[in-house]
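Take a look at the structure set out below.
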Amino acid sequence: MESSKNKEEVFERLKQAIIEGDEVEAVKWAEEAVKRGIDAYEAISKGCLEGMNVVGDKYARREYFIPEVVLAAQAMNMAVEVLKPHVKMEKGPSGVVVIGTVQGDVHDIGKNIVKIMLEAAGFKVIDLGRDVPLKDFVETAKQQNADIIAMSALMTTTMPGMGKVVKMLEEDENLRRRVKVMIGGAPTSEEYARRIGADAWGKDAVAAVELAKKFMQEKHV
Ligand code: B12
């Protein structure tokens, strides 16, 4: 078992590599985490995500600009690729989720983390990617007999798209009854989810998994 000091060192190195947008270091410390038997999800959340949060703050404070953010995102994706196969999987499939970032929005880092966590929890996840035409969420959910639609939006300008998807879903009463809708992304909130008629809002990837499990339990009672 890895000592907590050792673990903290790896998380810190991963975090710094993401902040610096250093792909080589990010991969090196992701591999190191695997080698040392550190829980892969913990490495993603306490290393990579923490690093990306710092990058987000720096961007907001105009210390970083788009090129630095792109480098950080690349480093993060490379590290996550190394860690992903080692995330402990629960027995599944426990339900089908259609996920994507809504039309007009290319931010997909958070969405990808939510996807990894849902898969690790045993869900079958159909990833529509980013900048997803709104009708695709509804059509795919129908075709694939999905249980859940999960939408991500990172901009105030694109979040209304999520409400439009709920409206489209409501056009088919049976489908609306069968498919739960959860939303997330930095500008969204519990209150916003309620306002647009979504079933739930999740603060992060851990919350997304809890909500998805709760939806499935409700379905089976
Ligand atoms: C990285 C980033 C980019 C990268 C995106 C790379 C990529 N592949 O995703 C690049 C450089 C491409 C980019 C581009 C742009 N960006 Co940008 N970007 C960011 C930044 C710095 C970080 C976002 C991020 O990845 N965070 C880390 C992830 C892990 O967090 P997260 O997405 O919030 O996800 C977590 C939770 O929210 C939740 N979650 C997310 N989705 C879901 C879904 C469900 C169902 C659930 C339950 C939970 C959940 O779980 C996740 C994991 O815990 C933010 C700043 C910020 N503070 O958010 C700006 C930000 C989002 N960008 C912004 C802007 C304006 C832009 C651009 C328009 C800039 C430009 N002038 O070109 C373009 C947008 C182009 C477009 N059409 O989409 C603004 C948006 C402002 C607004 N209108 O609301 C922000 C807020 C920056 C700012 N302060 O101005 N950006």
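The values are calculated or read from the model by the stated rules, or taken from the named source; none is laboratory data. Because the structure is a prediction, the values reported are computed rather than measured. Cβ placement follows ideal geometry from the backbone for every residue including glycine, while neighbour counts extend to all protein chains displayed. Calculation scope for accessible area: heavy atoms of the full protein, side chains included, ligands and nucleic acids excluded. Shrake-Rupley method; radii C 1.70, N 1.55, O 1.52, S 1.80 Å.
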Taking 0.36 nm per residue of separation and subtracting the Cα-Cα distance, what length does fully extending residue 210 through residue 61 add?
-> 50.4 nm
Quick one: if the Förster radius is 30 Å, what FRET efficiency do residue 170 and residue 90 give, using the C-beta to C-beta distance and rounding to 0.05?
-> 0.40
Give the long-range amide H neighbours of residue 95: residues separated by 5 or more places, or on another chain, with amide H under 5 Å away, using H modelled in the peptide plane at 1.01 Å from N.
-> 124
Near the amide H of residue 201, under 5 Å away, which other amide H atoms are found, from residues 5 or more places off or on another chain, if H is placed in the peptide plane?
-> 183
Overall form of the stretch 4-86 per C-alpha gyration tensor (a/c, 1.5; a/b vs b/c) | prolate
With a 28 Å threshold on alpha-carbon distance, the violating pairs from 88/214; 15/214; 142/203 are 15/214
With label points built 7 Å along Cα→Cβ from the Cα atoms of residue 131 and residue 39, find their separation and express it in nm.
-> 3.7
In nanometres, the difference between 0.36 nm per residue of separation and the alpha-carbon distance of residue 31 and residue 77 is 15.2 nm
With Cα springs under 10 Å, the Gaussian network model of the chain assigns the largest mean-square fluctuation among 65, 137, 123 to 65
Peptide ranges 188-195, 109-116, 160-167 listed from the most packed, as the mean C-beta count within 10 angstrom indicates = 109-116, 160-167, 188-195
Cleavage-rule hits (GluC sites (Glu not before Pro)) in the stretch 49-102: DSSP loop, at most 11 neighbouring Cβ within 10 angstrom = 63
Value at 222 nm in deg cm²/dmol, rounded to 500, when DSSP H runs of n ≥ 4 in the chain each add -39,500 (n - 2.57) = -16500 deg cm²/dmol
Return the Cα extents of the stretch 149-216 along principal axes one, two and three, sorted largest first, each rounded to a whole Å.
-> 31, 28, 16
Give me the percent of the accessible area of the stretch 89-221 that comes from carbon and sulfur atoms, probe 1.4 Å, all protein chains in place.
-> 52
In the stretch 4-86, carbon and sulfur make up what percent of the accessible area (probe 1.4 Å)?
-> 52
Set the Förster distance to 41 Å, then compute FRET efficiency between residue 191 and residue 142 from the Cβ-Cβ distance, nearest 0.05.
-> 0.90
Spelling it out for residue 129: with amide H atoms placed in the peptide plane at 1.01 Å from N, the residues 5 or more places away or on another chain with amide H under 5 Å from its amide H are 101
Rounded, prolate or oblate: which one fits the stretch 96-219, using the alpha carbon gyration tensor with axes a ≥ b ≥ c (rounded when a/c is under 1.5, else prolate when a/b beats b/c, else oblate)?
-> rounded
When only DSSP loop residues count, what trypsin sites (Lys or Arg not before Pro) in the stretch 37-76 have their Cβ near at most 10 other Cβ atoms within 10 Å?
-> 61, 62
Skip the ligands, DNA and RNA, and give the accessible area per residue of the chain with a 1.4 Å probe, whole Å².
-> 52
